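**Student:** Sending over a structure as structure tokens; questions will come in a sec.
Just so it is clear, none of the values below were taken in a lab; they were calculated from the coordinates. Everything quoted here is computed from the prediction, not taken from an experiment. As a convention, Cβ positions derive from the backbone with ideal geometry for all residues, glycine included, and neighbour counts pool all protein chains shown.
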């Protein structure tokens, strides 16, 4: 018997560009992007637009049409933009993926065409998945329009949709052709949405870059007010750190079990499901990071003072570090949040690998989590929340609020 062993590598490169008013006629960024590999060819582009965004910005579709008309000798735009549901709704039903694939078929979009997706992270995830499975891959240009997608999900190489109540149960690893971050889209978001994505900036700073964490601390009040210069710098630096990790980790398609960029996500994904997405992804991640920060301190991995700095930063940014969904029980009177740990383990391939902080800017992985200590950490979060958070709580007090479970008759 003999075996043929095949090994090959494939290089990927894609620009992540930062601009303003990407569809202004005199802005060359989009045109340069679609023609960067074939400058002499007239490129065909299908636009997929977040429906919520189109409603919020009624001038967007006419702007895109005007842009394409002005550059008709370089861009072929011969079909109306396809509108898809915005928010997590886009990822919760496979019909949206199939509808988009059907549109691509009917419009005869081929592998040499482009799909330009303009919207939030969920729309990017769903639409890029549809592009990835159509003709085994149509070139996708992402135009993220939320803080979270511009600093994290929109600049990565993953896409997918939810299934069986599980986050991103089906999907692919396909790098985009390009990512165009337009800060003008951020300015029209509600404050809640401007801030939700900053949780991912805190995450990547805590596990990779102490100096960035310290800058976020220094700018926390300005960020809480969503001051444009502080917000735009934080988005850009977070995007840079996410890209750096993907490029240098040696595992860009996550074939191993370690997922540092998923710090705080094992419980966040479950919280999104338990709240039926009442919590934004960034809000759930902030809460998940708070839970794992307290756990890490209580387990002796993380200094108390550093743990307090993390919680104070999240609170100053405006995140509520509590949600009653943490106490949801299943039919067997077990805390459903712990199911998130099992689901996370399944997603990792059966080996639990959870990233925890060891210091500001430092991380390590554990292969098991003490369920009792997790529940104690939940109790600490609840007590801290009730004590009024920032001003009333000190590192020594919040870590000594009593064990879980509480005394009989205590109202959680």
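**Student:** Taking other Cβ within 10 Å of each residue's Cβ, how do 376, 339 sort, fewest first?
**Tutor:** Numbers: 376 19, 339 16.
Ordered from fewest to most neighbouring Cβ atoms within 10 Å, 376, 339 come out as 339, 376.
**Student:** Sorted by mean Cβ packing within 10 Å, highest first, what order do the peptides 112-125, 226-239 take?
**Tutor:** Result, highest mean first: 112-125, 226-239.
**Student:** Set the Förster radius R0 to 45 Å, insert the Cβ-Cβ distance between residue 66 and residue 211 as r into 1/(1 + (r/R0)^6), and round the FRET efficiency to 0.05.
**Tutor:** 0.60
**Student:** Which length gain, in nm to one decimal place, applies between residue 190 and residue 93 when the Cα-Cα distance is subtracted from 0.36 nm times their residue separation?
**Tutor:** 32.3 nm
**Student:** Ranked highest first by average number of other Cβ atoms within 10 Å, how do 185-198, 90-103 line up?
**Tutor:** The peptides rank, most packed first, as 185-198, 90-103.
**Student:** Right, next: One quarter of the convex hull surface, Cα atoms only: what value does that give for segment 1-49 in nm²?
**Tutor:** Numbers: hull surface 27.6 nm².
If I average the Cα hull's projected area over directions, I get 6.9 nm².
**Student:** Once label points are set 7 Å from the Cα along Cα→Cβ at both residue 249 and residue 320, what is their separation, rounded to one decimal in nm?
**Tutor:** Label at residue 249, label at residue 320, 3.1 nm between them.
**Student:** Quote the FRET efficiency, to the nearest 0.05, computed for residue 240 versus residue 56 with a Förster distance R0 of 25 Å and r equal to the Cβ-Cβ distance. All intermediate terms of the calculation are to be shown ahead of the outcome.
**Tutor:** Values: r = 28 Å, r/R0 = 1.12.
Rounded to the nearest 0.05, the efficiency is 0.35.
**Student:** Given the DSSP H assignment, sum -39500 (n - 2.57) over each helix run of at least 4 residues in the chain and divide by its residue total; what's the result at 222 nm in deg cm²/dmol, nearest 500?
**Tutor:** So the calculated ellipticity at 222 nm is -13000 deg cm²/dmol.
**Student:** Under a no-solvent Debye model with one identical scatterer per Cα of segment 16-187, what's log10 I(q)/I(0) at q = 0.13, 0.14, 0.16 Å⁻¹?
**Tutor:** -0.56, -0.66, -0.88
**Student:** Grab the beta carbon distance between residue 11 and residue 275, set R0 = 45 Å, and tell me the FRET efficiency rounded to 0.05.
**Tutor:** 0.65
**Student:** Round to the nearest 10 and give me the degree value, 0 to 90, for the angle of helix 304-316's Cα axis relative to the longest principal axis of the chain.
**Tutor:** Long axis of 304-316 versus the principal axis of the chain: about 50 degrees.
**Student:** Between segment 160-233 and segment 1-52, what is the separation of their alpha carbon centroids in Å?
**Tutor:** Answer, in whole Å: 22.
**Student:** Moving to a separate point now. If you split all Cα-Cα distances of segment 64-163 into 10 Å bins from zero, what percentages do you get per bin, shortest first?
**Tutor:** Going out from 0 Å in 10 Å bins, segment 64-163 shows 16, 48, 32, 4, 0 percent.
**Student:** Work out, step by step, the length gained on full extension between residue 18 and residue 168: first 0.36 nm times the residue separation, then minus their alpha carbon distance; give nm to one decimal.
**Tutor:** Full extension from residue 18 to residue 168 adds 51.3 nm.
**Student:** Helix 94-106 sits at what angle to the longest principal axis of the chain, using alpha carbons and giving 0 to 90 degrees rounded to 10?
**Tutor:** Value to nearest ten degrees: 10.
**Student:** Taking 2.2 N^0.38 Å as the expected size of a compact globular protein, what ratio does the Cα radius of gyration of the chain give against it, to two decimals? Present the calculation step by step, with values, prior to reporting the outcome.
**Tutor:** Values: Rg = 22.2 Å, N = 412, 2.2 N^0.38 = 21.7 Å.
Ratio of Cα Rg to 2.2 N^0.38 Å: 1.02.
**Student:** Order the peptides 298-309, 362-373 from the highest to the lowest mean number of other Cβ atoms within 10 Å of their residues.
**Tutor:** On the way: 298-309: 16.5, 362-373: 13.7.
Going by the mean number of other Cβ atoms within 10 Å, highest first, we get 298-309, 362-373.
**Student:** Expressed as a fraction of 2.2 N^0.38 Å, the rule-of-thumb size for a compact globular protein of N residues, what is the C-alpha radius of gyration of segment 193-398?
**Tutor:** Normalised Rg, Cα atoms only: 0.97.
**Student:** Quick check: Cα centre of segment 368-388 to Cα centre of segment 73-110, how many Å?
**Tutor:** Distance between centres, Cα-based: 43 Å.
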